[in-house]
Amino acid sequence: MDERVIGRSGQWASVVGLGTWQLGADWGDVDDKVALSVLEAAAEAGVTFFDTADVYGDGRSEQTIASFLRGRPDLHVLVATKMGRRVEQIPQNYVLDNFRAWNDRSRRNLGVDRIDLVQLHCPPTPVYSSDEVFDALDTLVAEERVAAYGVSVETCEQALTAIARPGVASVQIILNPFRMKPLREVVPAARAAGVGIIARVPLASGLLSGKYTKDTVFAADDHRTYNRHGEAFDQGETFSGVDYATGVEAAAEFAALAPEGYTPAQLALRWIIEQEGVTTVIPGARNPEQARANAAAAKLPPLPPQTFTAIRELYDRRIKDQVEHRW
C-alpha cells in the first residue's frame with residue numbers, strides 16, 4: 001500500500017490506516033480474539049498506521065495493539081495514541097505533570113519506551129492557544145517520551161489554530177463526503193505548513209456504508225444510540241453530526257454513486273484518499289472482512305470527475321446546512 005509522510009514528523013503512514021476506537025469500547029461488544037484478528041487482517045492488507053487513544057476502553061485498545069505487535073515483531077506499524085479525555089475537560093488539566101502521567105500510562109499499555117505520535121484528544125478550545133501547552137508537548141519530545149505530537153480537533157477553527165504551531169506534526173479531523181468543510185481552509189493550510197492530515201470518522205459512523213435504514217437498532221452501549229444528540233461527547237463524532245433520518249436518506253443516494261467494483265464504503269474512503277493534502281484515513285473495522293475491504297480502497301482506480309461532482313452536489317443539497325455552522 002502507498003504511504004505518505006505525516007507532516008513535520010518525518011514518519012510514514014499507509015494511506016488507509018486503522019482506527020481502533022471500536023476495539024476498546026462504545027461500539028457494542030468486540031471480544032479479544034476478534035479484535036486481534038482485525039489487527040492481523042489490516043496489517044496483512046498493508047496497513048502500517050494504527051490510531052488509538054488512552055480512553056478507548058480505558059486502555060483496552062492500546063493494550064490490544066501491544067499484544068498484537070508483540071506477536072508480530074516482523075511488522076513495522078506506526079502507532080498513534082491520544083490523551084486528555086480521561087479527566088474533566090477544563091484547560092487547567094492540560095499541564096506538563098498530567099501529560100507525563102498520561103504518557104507513562106500509555107507507554108505501559110503499549111509496551112514501548114517512546115510513542116510514535118501522541119495527539120491531544122479534542123481538548124477545550126482555549127488549549128489550542130496556550131503557549132504553555134505546546135511547550136509541555138515539546139518537553140515530551142525532548143525527554144524522548146514521544147517522537148512527535150499532533151492534535152485531534154472538533155472544529156475547523158481549532159485546526160487552523162493548531163496548524164500555526166511550529167511543533168505540530170499532524171491534525172486529526174473529521175473529513176468525509178458528509179463533512180467537507182475542512183477542504184476549504186484546513187487541508188490547504190496544513191499542506192502549506194507541512195502538517196499531516198489524519199481523516200477520522202470517514203464513514204460517518206457507518207452511514208456511508210449504506211447498510212443502515214431508519215429502522216436499524218444499535219446496541220445500548222453503542223455511541224450511535226446514546227450520543228445521537230451529543231449527550232456524552234461532541235455530537236459531531238456520531239454520524240458526523242448529521243441527523244440520523246436525513247443521513248440514512250442521503251447515504252442511500254450516496255451508495256447509488258459508487259462506480260462498478262466499489263462498495264459505498266470504499267467510495268467514501270477513495271474520495272478521501274484522493275483529496276490533496278490528506279495523509280491517511282482511519283476507518284474502524286469490527287471484523288477482518290471489513291478491515292480487508294477498507295484497505296482495498298487504496299488500490300482501486302481513481303474516481304472519475306463526474307463522481308466528485310455528484311458527491312459535492314449531494315452534500316450541498318442534503319448535508320451542508322446541518323453541519324457547516326457547527327464544526
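The values are calculated or read from the model by the stated rules, or taken from the named source; none is laboratory data. Bear in mind the structure is a predicted one, so any value in this text is a computation, not a measurement. Positions of Cβ are generated from backbone atoms using ideal geometry, with glycine treated the same way; all protein chains shown enter the neighbour counts. Accessible surface areas use protein heavy atoms only, side chains included; no ligands, DNA or RNA. Shrake-Rupley method; radii C 1.70, N 1.55, O 1.52, S 1.80 Å.
List of remarks:
- Length available on full extension from Glu313 to Glu289: 0.36 nm per residue minus the Cα-Cα distance, which gives 5.5 nm.
- Accessible surface of His121, taken over heavy atoms with a 1.4 Å probe and every protein chain present, rounds to 20 Å².
- Rg over Rh, two decimals, the stretch 45-129 (C-alpha only, Kirkwood Rh): 1.00
- Protein accessible area in the stretch 9-119, 1.4 Å probe - carbon and sulfur %: 48
- Debye, to nearest 20: dipole size of the stretch 8-134, +1 on Lys, Arg Cβ, -1 on Asp, Glu Cβ: 200
- Residues with amide H under 5 Å from that of Val16, placed H, sequence gap 5 or more: Val281
- nm² value of the averaged projected area, convex hull over the Cα atoms of the chain: 14.8
- Summarising the amide proton neighbourhood of Leu78: residues at separation of 5 or more, or on other chains, whose placed amide H is nearer than 5 Å comprise Phe49, Phe50.
- Listed residue (Ala258, Thr20, Gln172) projecting farthest to the positive dipole end of the chain, Cβ model: Ala258
- Taking the C-alpha atoms only, the angle from helix 131-142 to the longest principal axis of the chain is near 70 degrees.
- Peptides ranked, highest mean first, by Cβ atoms within 10 Å: ranges 266-278, 156-168: 266-278, 156-168
- Per-pair calculated FRET efficiency, R0 = 35 Å: Asp104 and Arg72 via Cβ, rounded to 0.05: 0.90
- Antiparallel bridge percentage (DSSP; both residues within the chain; nearest 5): 15
- Computed Kirkwood radius, in angstrom, where 1/r is averaged over Cα pairs of the stretch 124-208: 13.5
- Compared with the alpha-carbon gap, the fully stretched path from Glu88 to Trp12 is longer by 24.1 nm at 0.36 nm per residue.
- Per residue solvent-accessible surface (Å²) - the stretch 1-128, probe of 1.4 Å: 41
- Rounded to the nearest 20, the Cβ-based charge dipole of the chain about its Cα centre (Lys and Arg +1, Asp and Glu -1) stands at 420 debye.
- Centre separation in Å (Cα based) which lies between the stretch 171-191 and the stretch 294-327: 12
- Packing rank of 191-203, 295-307, where each peptide gets the mean count of other beta carbons within 10 Å, highest leading: 191-203, 295-307
- Rounded Å value of the spacing that divides the Cα centres of the stretch 1-56 and the stretch 271-287: 11
- Theoretical ellipticity at 222 nm over the chain - DSSP helices of four or more residues, -39500 (n - 2.57) apiece, nearest 500: -10500 deg cm²/dmol
- Non-local Lys pairs in the chain, i.e. 8 or more apart or on different chains, that have alpha carbons under 24 Å apart: 6
- Taking all Cα-Cα distances within the stretch 220-313, those exceeding 16 Å account for 63%.
- Surrounding net charge for Leu175, when Lys and Arg each add one and Asp and Glu each subtract one, Cβ distance under 11 Å: +3
- Virtual spin-label span in nm between Phe233 and Arg326, 7 Å along Cα→Cβ: 1.6
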